[in-house]
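Only one structure is covered here, and it is reproduced in the block below.
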Amino acid sequence: MAKARAKPLAVVVGGVGKLPVAGVSLYVLHHVVGLQQLGYDVHYVERQNRSGECFDPGTNQMTDDAAPALTCLRDLLPRFSIDESSFSFVDLEGVCHGSGWKALEKAVVRADFVLTVADPTWFDVLELNARRAYIDGDPLFTQIAVETGVGSRAVAATHYDVLFSYGTRIGRPDCTIPDAGRRWLPARPVVATSLWHVETVRPDAPVGALLHWSAGADVRHGGIDYGHKDREFSRVVDAPLRVPGRRFVLALGGGGSQKSRLLDAGWGLTDPLEATRSIDAYRSFVGECWTDLGVAKHAYVASRSGWFSDRSTCYLASGRPVLHQDTGYTDWLDTDHGVLPFSDLESLVEALERLEADYERHATAARRIAEEHFEARTVIAEMLDEAGFR
């Protein structure tokens, strides 16, 4: 009897355990599921790159302790057919938990490729595989880091011959993201629609927004200061006052000082950690919304990056239309129905009126857009082909 041929293997590097909130987990796991649907086995890898990089959900604090990350991985990964022998977590002391170093090295050598999803991780074992690709989900911030040579992103990027970026418009005349002397292949966020189901929406369901107020300091490039979501959200904060017939709910991280202003503007506030503490909680939050209000980082908007939100793809897969700030993604995504772009408060109110007038058509289009433009197995297959990995 002929010996069964081993399935192809992909090594995926991410940050699921280090930041065990559903948005981060699904960011990576949608890629894992897409690869599995394409016929790959997956060996999943994480590494603590610096002190204070792990989040402990028990204390809501950042920590050096790897135990919460390992608990998360051991609980979550088996749901995605990844057991203790097929994940590796390298802690600050250089201990390889899960598979152990020998199995990790063997996996990297055998793998068809190494795919690093947004987490700027590098260690020498990854060099055992010559086919390596990095997906940049934070355009402009990443490219400036690479250009200046400052930070972990700059270090990581030097070790990857293939670079993808959600900055889909890099190189266009009106896009101000530098290429930092590298070629950046355009990439879209992916969603495994099999993980999401379309549920009936309640007529009184709210407009939902989930965001982090500011992920760090502004950066300066070409004489322009580029900022975070706080700058863009402030432009549309009064939306509930302009649409009094619809509830607005915000799960906001890192913006505690804004609470009074948000309440005065009519926002209902909910705990972002509760909304994202597990994949099931995250799916419930998404499913209980009427639509997603997708505010982008100022840097993505001002640079005309072409960025689209991975969170918004989850809404689309759930049959929820998306109000998404225009970053230039309208170059490659049809926005007649399902995705409604806006640039300021006035255009947001107009988009809400369009949505209210024809909601069922927009909701039907939402799921179709997820399947046609963001389906993990389809998008990842195109990426692998473009990288020359298949």
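So here's what we get for this one:
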quantity	calculated
Residue within the stretch 267-275 that is assigned by TED's automatic domain parsing to the domain that holds Thr364, modelled with pLDDT of 95 or more and under 28 Å from Ser305 (Cβ atoms) present	yes
Cβ-Cβ under 8 Å pairs, at least 6 apart or on other chains, the stretch 79-92 side assigned by TED's automatic domain parsing to the domain that holds His30 and more than 11 Å from Leu104 (Cα to Cα), far side among the small types (Gly, Ala, Ser) and surrounded by 21 or more Cβ atoms within 10 Å (Cβ to Cβ)	Glu84/Gly98; Glu84/Ser99; Asp91/Ala66; Leu92/Ala66
Residue within the stretch 213-228 that is in a helix (DSSP H, G or I) and modelled with pLDDT of 90 or more present	no
Entirely in the stretch 96-205, the strands (runs of 3 or more DSSP E) that have 1 or more residues that are in contact (Cβ under 8 Å) with a residue 12 or more places away in the chain and among the aromatic types (Phe, Trp, Tyr)	113-117, 132-136, 162-165, 184-186
Selection from the stretch 305-320 of residues that are part of a loop (DSSP other than H, G, I, E, B) and either of a type in the set (Gly, Ala, Ser) or in contact with a Ser or Thr (Cβ under 7 Å, 6 or more places away or on another chain) (or both)	Ser305, Gly306, Trp307, Ser309, Ser318, Gly319, Arg320
Residue in the stretch 304-320 that is over 29 Å from Glu199 (Cβ atoms), basic (Lys, Arg), touching a residue at least 60 places away in the same chain (Cβ under 8 Å) and in the same structural domain as Val236 (by TED's automatic domain parsing) present	yes
Evaluation of Pro120 against (1) out of contact with any Phe, Trp or Tyr (no Cβ under 7 Å at 6 or more places or on another chain); (2) of a type outside the set (Lys, Arg); (3) modelled with pLDDT of 95 or more (one fails), failing number	(3)
Elements of type strands (runs of 3 or more DSSP E) in the stretch 1-71, at least 3 residues being charged (D, E, K, R) and either touching a residue at least 12 places away in the same chain (Cβ under 8 Å) or more than 28 Å from Phe374 (Cβ to Cβ) (or both)	41-47
Residue match in the stretch 229-239 (condition: surrounded by 15 or more Cβ atoms within 10 Å (Cβ to Cβ), more than 20 Å from the chain's Cα centre (by Cα) and among the small types (Gly, Ala, Ser))	yes
Matching residues in the stretch 112-127 - criterion: being in contact with a helix residue (DSSP H, G or I) (Cβ under 9 Å, 6 or more places away or on another chain) and of a type outside the set (Val, Ile, Thr)	Asp112, Phe113, Leu115, Ala118, Asp119, Pro120, Trp122, Leu126, Glu127
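The values are calculated or read from the model by the stated rules, or taken from the named source; none is laboratory data. No experiment lies behind these values; they were computed from the predicted model shown. So basically every Cβ, Gly included, is an ideal-geometry build from the backbone, and we count neighbours across all protein chains shown.
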